[in-house]
Amino acid sequence: MIRCLSRSEVDIVGKNEKIMPQSNNLGFRSWYYFRMGWATYFAFIFAAVNMLTVTYFLAIDNYPSLKAIFPSFEIYILIAVGIGIPLLTIIGYAHFKRTQARRAEVDILMETQPYMVRSLVNSEMLLNINLKILEILKSISEEKLSATQKEEVSKLEKQLVDFVNKRQFRDNKDREFFLDMDKKKLD
């Protein structure tokens, strides 16, 4: 039995339809934008200025040995920024690339955002559909294709099947595929 899929199951959008419906809840949208602005910009700058000011005037200014290393607030800022920015950049890199914390964040995002999961599922379905269509087209037009066309189609099919069978979420096959595509476009 063939089942008809509704728009919400496949997410096919017509020409005059909006891809993402706009929420009419201006209050929650504004609250979200406020939190992003506060956390990303204001709180970050405020915390940095506060940390520099407090540590200098409460700690360094009261100890002559530290005052000899940091004779003025401006020198302290230059040294702290010169050491702090590279150090925090390395810590941020380690967070994204080397720790389990980032993987946990991504897992939570996948759990709480069903649209991301749907996008992944839809793309996998499209790969399988494309492989099936390619197989059907090859069988239908076997005698109509030239030898070079048959070779190109077979090469494409083999590449697609190999790619689908070998890749996993925890490896770099997708990234390598895009880098290879970029190299081919540049050549």
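The values are calculated or read from the model by the stated rules, or taken from the named source; none is laboratory data. Every value quoted in this text rests on a predicted model; they were computed, and no experiment measured them. Here Cβ is always computed from backbone atoms with ideal geometry, including for glycine, and neighbour counts include all displayed protein chains.
Scan Leu120, Leu127 and give me the residue that is under 16 Å from the mean Cα position of the chain (by Cα), at pLDDT below 85, outside the structural domain of Phe44 (by TED's automatic domain parsing) and not β-branched (Val, Ile, Thr). Give the steps one after another, and end with the answer.
Working: Leu127 fails: under 16 Å from the mean Cα position of the chain (by Cα).
Only one candidate passes the filter, namely Leu120.
Return a yes/no flag: does segment 77-90 have any residue that is within 30 Å of Asp180 (Cα to Cα) and of a type outside the set (S, T, N, Q). Steps first, answer last, please.
So in segment 77-90, the residues within 30 Å of Asp180 (Cα to Cα) come out as 89-90.
Still in the list and also of a type outside the set (S, T, N, Q): 90.
The answer is yes; a qualifying residue exists.
Yes or no: segment 73-91 includes at least one residue that is within 30 Å of Val161 (Cα to Cα) and either exposed (fewer than 10 other Cβ atoms within 10 Å of the Cβ) or at pLDDT 90 or above (or both). First the steps, then the outcome.
Step one: list which residues in segment 73-91 are within 30 Å of Val161 (Cα to Cα), which gives none.
Within segment 73-91 (the criterion being within 30 Å of Val161 (Cα to Cα) and either exposed (fewer than 10 other Cβ atoms within 10 Å of the Cβ) or at pLDDT 90 or above (or both)), the answer is no, since none of the residues qualifies.
How many residues are at pLDDT below 75 and part of a helix (DSSP H, G or I) if we restrict to segment 133-179?
7
Just checking, does segment 95-110 include any residue being assigned to a helix (DSSP H, G or I), among the polar types (S, T, N, Q) and in contact (Cβ under 8 Å) with a residue 60 or more places away in the chain? Break it down stepwise before answering.
Applying the first criterion (assigned to a helix (DSSP H, G or I)) to segment 95-110 yields 95-97, 100-110.
Right, trim to among the polar types (S, T, N, Q) and you get 100.
The next check asks that each one be in contact (Cβ under 8 Å) with a residue 60 or more places away in the chain; those that pass are none.
Scanning segment 95-110 turns up no residue that is assigned to a helix (DSSP H, G or I), among the polar types (S, T, N, Q) and in contact (Cβ under 8 Å) with a residue 60 or more places away in the chain.
Each row is one residue, and each column tells you yes or no for (1) farther than 25 Å from Phe163 by Cα; (2) in contact with a Lys or Arg (Cβ under 7 Å, 6 or more places away or on another chain); (3) exposed (fewer than 10 other Cβ atoms within 10 Å of the Cβ).
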{"site": "Arg102", "(1), (2), (3)": "yes, no, no"}
{"site": "Asp107", "(1), (2), (3)": "no, no, no"}
{"site": "Glu111", "(1), (2), (3)": "yes, no, no"}
{"site": "Arg118", "(1), (2), (3)": "no, no, no"}
{"site": "Asn128", "(1), (2), (3)": "no, no, no"}
{"site": "Ser139", "(1), (2), (3)": "no, no, yes"}
